[in-house]
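Below is one structure, written out as structure tokens, with a few remarks after it.
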Amino acid sequence: MENELKYQAIKPDRSLADFVESFWLLQNQSDCNREVVVLPDGRVDLFFTQSATESFHVTLLGIQTQPGKAIIAPLRQTYAISFNPLAVQSVFQTNIVNLVDRATLLPPNFWNFSADDLNNFDSFCAKATNKIQSLLPLEVDNRKRTLFDLIYASNGAITIKELAAQSFWSRQQINRYFDQQFGLTAKAYCNIIRFRASFQHIKEGKLFPQQNFADQSHFIKEVKKLAGVSPKELLKNQNERFIQFSTLRPT
């Protein structure tokens, strides 16, 4: 993997911390296709990509609720921005209901980016940061900010009733917000975040619940539902096909 795929990620400026999870790059440095599986992780991804066989293009990927297979073309270079859902309405001025488990092509000049911006990762991050900062509202609904703060602080191990009590939204309002903006329920999103929080534990060989699952069987069931395989298969990561596991760094 290290000889074929190059991966690098950096955290955003503090001013973007509520909205951007990370900037990252992924390069297939070989002259062969690389088949991978992308696992649900609760992010909304914006990809800027080109390869030896593909012209520069921009893709927006919505929240995934199931594993997705992908092929990384030879010599493909992707610079990406992973957004927290809180950013979607402000940054894209729309909802992403129709992008659950789907991606859509954006105009090739989106945000005035071009193939030349894929020559230097630091410059790309700086340009993207400036653009996102220019799009953010002066104020953000504190209920929404609190809602996501609670979900991430608990690694998704929180009930909708608890979210409602601490964010001062009703359960109906929370579920309507998730349904109308993101195309899934708040509970489904929390389950994805709890699943993502298990990645590092599974990679370290901890094949038992760490994130408030009811029991071992519930843990295995939830992992199979979101990954398509058991925790043991994720640990094996045969052919390093699970891309998030292959790029995990030691804690």
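The values are calculated or read from the model by the stated rules, or taken from the named source; none is laboratory data. Keep in mind the model is a prediction, meaning the values are calculated, not measured. Cβ coordinates were reconstructed from backbone atoms using ideal geometry, including for glycine residues, and neighbour counts include every protein chain displayed. To get the accessible areas, we keep the full protein, side chains included, count just its heavy atoms, and leave off ligands, DNA and RNA. Shrake-Rupley method; radii C 1.70, N 1.55, O 1.52, S 1.80 Å.
Between LYS224 and ASN142, the modelled labels are 4.6 nm apart [label points 7 Å from Cα along Cα→Cβ]. For region 10-132, the square roots of the Cα gyration tensor eigenvalues, ordered a ≥ b ≥ c, give a/c of at least 1.5 with a/b no greater than b/c, which places it in the oblate category.
The modelled label-to-label distance for the pair ASP122/SER217, using points 7 Å beyond Cα in the direction of Cβ, is 5.5 nm.
Using C-alpha pairs under 8 Å with a sequence gap of at least 6, the mean separation divided by the residue count of region 142-237 gives a relative contact order of 22 percent. From the alpha carbon centroid of region 175-251 to that of region 22-43 is 17 Å.
Compared with the direct C-alpha span, the chain from LYS187 to SER22 gains 57.0 nm at full extension, assuming 0.36 nm per residue. The alpha-carbon of LYS127 sits under 19 angstrom from the alpha-carbons of these lysines, leaving out residues fewer than 8 places away in its chain: LYS11.
Taking a ≥ b ≥ c as the square roots of the eigenvalues of the Cα gyration tensor of region 103-251, is the shape rounded (a/c under 1.5), prolate (a/b larger than b/c) or oblate? Here region 103-251 falls in the oblate category. By the helix-only formula, in which each DSSP H run with n ≥ 4 contributes -39500 (n - 2.57) and the sum is divided by residues, the chain has a 222 nm mean residue ellipticity of -10500 deg cm²/dmol.
Considering Cα pairs under 8 angstrom that are at least six residues apart, work out the relative contact order of the chain and quote it in whole percent. Write down the numbers at each step before the final one.
Numbers: 436 pairs, mean separation 49.8, N = 251.
Rounded, it is 20 percent for the chain.
Taken about its Cα centre, region 77-151 carries a charge dipole of roughly 180 debye when the Cβ of each Lys and Arg holds +1 and the Cβ of each Asp and Glu holds -1. Counting protein heavy atoms only, the chain has 47 percent of its accessible area on carbon and sulfur, 1.4 angstrom probe.
Along its three principal directions, the equivalent ellipsoid of the chain from the Cα gyration tensor extends over semi-axes of 28, 25, 15 Å, largest first. Rounded to whole numbers, the Karplus 3J(HN,Hα) couplings from phi for region 141-147 are 3, 4, 5, 5, 4, 4, 4 Hz, using 6.51 cos²θ - 1.76 cosθ + 1.60 with θ = phi - 60°, and x at Gly and Pro. The relative contact order of region 5-135 comes to 28 percent, based on Cα pairs under 8 Å that sit 6 or more residues apart. Using a probe of 1.4 angstrom and keeping all protein chains present, the accessible surface of region 1-113 works out to 46 square angstrom per residue. Straight-line cross-link partners of LYS221 among the lysines, defined as a Cα under 23 Å from its Cα and at least 8 positions apart when in the same chain: LYS69, LYS187, LYS203, LYS206, LYS232, LYS236. For the chain, a crude dipole built from +1 on the beta carbon of Lys and Arg and -1 on the beta carbon of Asp and Glu, taken about the Cα centre, is about 740 debye to the nearest 20.
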